[in-house]
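Some notes on the structure that comes next.
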């Protein structure tokens, strides 16, 4: 069962968790903006090696590079401190170990954004060229998660908004998912409640409390999609990220309101969002996006929807869309995109 360590400065407990697992060394993967001192105090009494992830997406060449560095000294614990792509890179390293029947490291994840929920899932997103690939294996779920809100304090308002909209998308998509269970709905509903109360506060008035609650919301949304996976908005979003460099949270948020019309979810989900029905949900989410400084149309993103719509629909991620409560209808989606985006 996954252990969750929460609260300010909880990252300081990571070293103790690693030592309790019987490890004497740790391989730390971080993002470009996280500065890891040569021998950080919180990892005292451990031999520390580190790898800095570059760029946004997780790609094969970088996976192999990180894997080679990790295997220079076998037997180390693996600690990922970063956003979703950093944690997914660590997961991809573990996946390669699984494929090669090599030993699986003790794995800790400490997210630095309140968004992806990757620390709560047993799958990872990687790219082969511009094509998004999902890796999945039970061993990819970290044994320990550190939810330290202090790691998110340096996020800009834009980064907070982009990652926070991914929280809502994952919670909503899990809730209306064909694979939804009582457990996944409980996680999703809790995440939606926390999002409603704290998202705009975290963007504009980022108190420690708002940061901590958004970090928990992201974790709960991650636990929800760990059961169900995602649906239509995610299935369409990958094209914009891969081909037009639109940040994932912005891309998925762009499509989320439209899917309230496409899926026409029942009163239960709309009540969680405190709206009267699907059209009101669409408008509420678009307004919150505007309030957070995000774009609600492709034109605002500098994209001509007329020229890309056929390619977008040609490359919909079928695996993700298979979980959607309404089957893929190309003509209906094209109509809605042209009307609303």
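The values are calculated or read from the model by the stated rules, or taken from the named source; none is laboratory data. Model, not experiment: these values are computed from the prediction. Glycine gets a Cβ as well: all are built from the backbone with ideal geometry, and neighbour counts include every protein chain shown.
A residue that is in contact with a strand residue (DSSP E or B) (Cβ under 8 Å, 6 or more places away or on another chain), surrounded by fewer than 20 Cβ atoms within 10 Å (Cβ to Cβ) and in contact (Cβ under 8 Å) with a residue 12 or more places away in the chain can be found somewhere in the range 142-160.
When the range 308-327 is limited to residues that are assigned to a loop (DSSP other than H, G, I, E, B) and out of contact with any helix residue (DSSP H, G or I) (no Cβ under 7 Å at 6 or more places or on another chain), the one that is surrounded by the fewest Cβ atoms within 10 Å (Cβ to Cβ) turns out to be 327. Got at least one residue in the range 161-183 being surrounded by fewer than 19 Cβ atoms within 10 Å (Cβ to Cβ), touching a residue at least 40 places away in the same chain (Cβ under 8 Å) and closer than 18 Å to residue 252 by Cα? Among the residues of the range 161-183, not one is surrounded by fewer than 19 Cβ atoms within 10 Å (Cβ to Cβ), touching a residue at least 40 places away in the same chain (Cβ under 8 Å) and closer than 18 Å to residue 252 by Cα, which makes the answer no. Based on this model, can you work out whether residue 284 counts as over 17 Å from residue 234 (Cα atoms) and crowded, with 18+ Cβ neighbours inside 10 Å? Yes; evaluated as a whole, the condition is true for this residue.
Residues of the range 193-202 include none that is outside any helix (DSSP H, G or I) and either farther than 22 Å from residue 6 by Cα or more than 19 Å from the chain's Cα centre (by Cα) (or both). Remark: residue 103 matches the filter, which requires a residue to be in a loop (DSSP other than H, G, I, E, B), free of Cβ contacts under 8 Å to residues at least 40 places away in the same chain and not assigned by TED's automatic domain parsing to the domain that holds residue 260. Apart from one condition, residue 125 fits all of (1) modelled with pLDDT under 95; (2) in a loop (DSSP other than H, G, I, E, B); (3) buried (at least 16 other Cβ atoms within 10 Å of the Cβ); the exception is (2).
Among the residues of the range 99-132, the one identified as more than 20 Å from residue 82 (Cβ to Cβ) and within 18 Å of the chain's Cα centre (by Cα) is 131.
Scanning the range 47-56 for residues that are closer than 19 Å to residue 74 by Cα and out of contact with any helix residue (DSSP H, G or I) (no Cβ under 6 Å at 6 or more places or on another chain) gives 47, 48, 49, 50, 52.
Rundown of residues vs (1) at pLDDT 95 or above; (2) touching a helix residue (DSSP H, G or I) at 6+ places or on another chain (Cβ under 6 Å); (3) surrounded by fewer than 17 Cβ atoms within 10 Å (Cβ to Cβ); (4) under 30 Å from residue 245 (Cβ atoms), yes/no style:
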residue	(1), (2), (3), (4)
24	yes, no, yes, no
40	no, no, no, no
58	no, yes, no, yes
62	yes, no, no, yes
67	yes, yes, no, yes
72	no, no, yes, no
75	no, no, yes, no
105	yes, no, no, no
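Evaluating residue 86 against the criteria (1) touching a helix residue (DSSP H, G or I) at 6+ places or on another chain (Cβ under 8 Å); (2) part of a helix (DSSP H, G or I) leaves one unmet condition, (1).
For every residue, the table says whether it meets (1) farther than 30 Å from residue 189 by Cβ; (2) surrounded by 12 or more Cβ atoms within 10 Å (Cβ to Cβ); (3) in contact with a strand residue (DSSP E or B) (Cβ under 8 Å, 6 or more places away or on another chain); (4) not assigned by TED's automatic domain parsing to the domain that holds residue 197.
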site: 289; (1), (2), (3), (4): no, yes, no, no
site: 293; (1), (2), (3), (4): no, yes, no, no
site: 299; (1), (2), (3), (4): yes, no, no, no
site: 306; (1), (2), (3), (4): yes, no, no, no
site: 329; (1), (2), (3), (4): no, no, no, no
site: 335; (1), (2), (3), (4): yes, yes, no, no
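Could you go through the range 69-78 and let me know if any residue there is in contact with a strand residue (DSSP E or B) (Cβ under 6 Å, 6 or more places away or on another chain) and closer than 23 Å to residue 219 by Cβ. Taking every residue of the range 69-78 in turn, at least one turns out to be in contact with a strand residue (DSSP E or B) (Cβ under 6 Å, 6 or more places away or on another chain) and closer than 23 Å to residue 219 by Cβ. For the range 12-32, the set of residues classified as part of a helix (DSSP H, G or I) and either under 24 Å from the mean Cα position of the chain (by Cα) or under 13 Å from residue 42 (Cα atoms) (or both) consists of 12, 13, 14, 15, 16, 17, 18, 19, listed by residue number.
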